[in-house]
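Heads up: the structure comes next, in structure tokens.
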Amino acid sequence: MVSPAATSATAGEQGASAKAAPEKKRQGRLSEAKRFKIFSGVANKPLAEEVCKFVGVPLGETRMQRFSDGEIYFQLLENVRGADVFVIQPTSFPVDEHLLELLIMIDALKRASAARITVVIPYYGYARQDRKDRPRVAISSKLVADLLTTAGANRALLVDLHAAQIQGFFNIPVDHLFASPVLVDYFRKLNLPNLTVVSPDAGGVERARFFAKKLEVPLAIVDKRRTDINVTEVMNVIGDVRGRTCLILDDIIDTAGTLVKTVDALLAQGAEKVYACASHPVLSGPAVERIINSRLEQLVVSNTIPLSAAAQKVEKIKVLSIAGLLGRAIESIHMETSVSTLFN
């Protein structure tokens, strides 16, 4: 016969179990709510939407407005407390506006108690100012890294930095992606005859060598001398390009002055056809007109920066998406698995 005390103890245990069950369910809902979130500025929202579609996460709701004097107003429209947050915003033209938008977004996320903030910057503005190449100049790329960290970024995901050492300017972890897997795949399928990869300057040799190795083709180098900002003079071609199809590889195409002069130099040395590819289609100033009037067969770029309306109309320019690459990297960072395996 069961004693009243035992019956009371059993009932108490059952009652405690009944109360514990809802607690476990509530904890499960909290865990689900803490899945990673993706937000975007206005610099390249189509890319952010494509990344969200790839990873199966809805793009976070925000409000970005400006006062009549141009002052930025930003508000998060959903809860991010305890969430792993990724902010996609290239600092492309207008560079300063997009950079300030990114800083304000980071600050809002920090003050909303996001657990971790990763800035995803497909194009890192000011990357070309990475050293003191002249007296009394700023190292602006280091300044931008400091601003992002001070604003509250915990991690950075960058694509094709102009100089790899910029990673060292950050005091937070940096993952450096390359658009080359997407570009290599395209040209491998294109199967161009007698292909030679060409670096437009000495600084891009390592990038071009990696590309040439992946395609299993020879490498050539163009000796470029810069006389002023956005002004270059191509001197000579190092390597045999006669009778070859040349592929110029660069990270940034800005005014396209270097590109057009490199095309002319290669054709003057006997190249049959010249293609070009780049990660970041800045295409400022007379770039579009120069590309149209050049003897370039095709320019292949990634969508780190959205093309201008004029560039979108140029048949010579083809855009490849890196949304899948960014999406896989974001998933790896969130799950804390290796990002470097994306390039194996």
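The values are calculated or read from the model by the stated rules, or taken from the named source; none is laboratory data. These numbers come from a predicted model, not from an experiment. Here Cβ is always computed from backbone atoms with ideal geometry, including for glycine, and neighbour counts include all displayed protein chains. Surface accessibility is based on the protein's heavy atoms, side chains included, excluding ligands, DNA and RNA. Shrake-Rupley method; radii C 1.70, N 1.55, O 1.52, S 1.80 Å.
Tabulated data for the structure shown
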read-out	value
Selection status of residue 197, under 20 Å from residue 122 (Cβ atoms) and at pLDDT 95 or above	no
Conditions (1) in contact with an Asp or Glu (Cβ under 9 Å, 6 or more places away or on another chain); (2) open to solvent by less than 40 Å² (accessible area, probe 1.4 Å); number of the one not met by residue 253	(1)
Residue among 146, 185, 175, 160 that alone is in contact (Cβ under 8 Å) with a residue 60 or more places away in the chain and either within 29 Å of residue 78 (Cα to Cα) or open to solvent by 30 Å² or more (accessible area, probe 1.4 Å) (or both)	175
Close pairs from segment 193-214: first farther than 17 Å from residue 160 by Cα, partner at pLDDT 95 or above and hydroxyl-bearing (Ser, Thr, Tyr), Cβ under 9 Å, at least 6 apart	193/245; 194/245; 195/245; 195/275; 196/245
Residues (of a type in the set (A, V, I, L, M) and touching a strand residue (DSSP E or B) at 6+ places or on another chain (Cβ under 9 Å)) located in segment 152-174	153, 156, 157, 158, 159, 161, 164, 166, 172, 174
Residue 137 vs. criteria open to solvent by less than 70 Å² (accessible area, probe 1.4 Å) and under 21 Å from residue 326 (Cβ atoms)	no
Cross-chain or 6+ apart pairs with Cβ under 6 Å, segment 68-86 first and closer than 25 Å to residue 332 by Cβ and touching a residue at least 12 places away in the same chain (Cβ under 8 Å), then of a type in the set (Lys, Arg) and surrounded by fewer than 19 Cβ atoms within 10 Å (Cβ to Cβ)	82/34; 83/34; 84/116
Residue check for residue 83: open to solvent by less than 10 Å² (accessible area, probe 1.4 Å), aliphatic (A, V, I, L, M) and over 24 Å from residue 306 (Cβ atoms)	yes
Among the residues listed as 333, 291, 252, the single one being within 20 Å of the chain's Cα centre (by Cα), farther than 19 Å from residue 203 by Cβ and among the aliphatic types (A, V, I, L, M)	333
Test: residue in segment 274-297 that is surrounded by fewer than 19 Cβ atoms within 10 Å (Cβ to Cβ), at pLDDT 95 or above, among the basic types (Lys, Arg) and more than 28 Å from residue 91 (Cβ to Cβ)	yes
Filter result (aliphatic (A, V, I, L, M) and under 17 Å from the mean Cα position of the chain (by Cα)) within segment 60-90	85, 87, 88
Failed item, numbered, when residue 234 is tested on (1) closer than 16 Å to residue 201 by Cα; (2) modelled with pLDDT of 95 or more	(2)
Identity of the residue in segment 316-332, under 12 Å from residue 50 (Cβ atoms) and part of a loop (DSSP other than H, G, I, E, B), that ends up least open to solvent (accessible area, probe 1.4 Å)	322
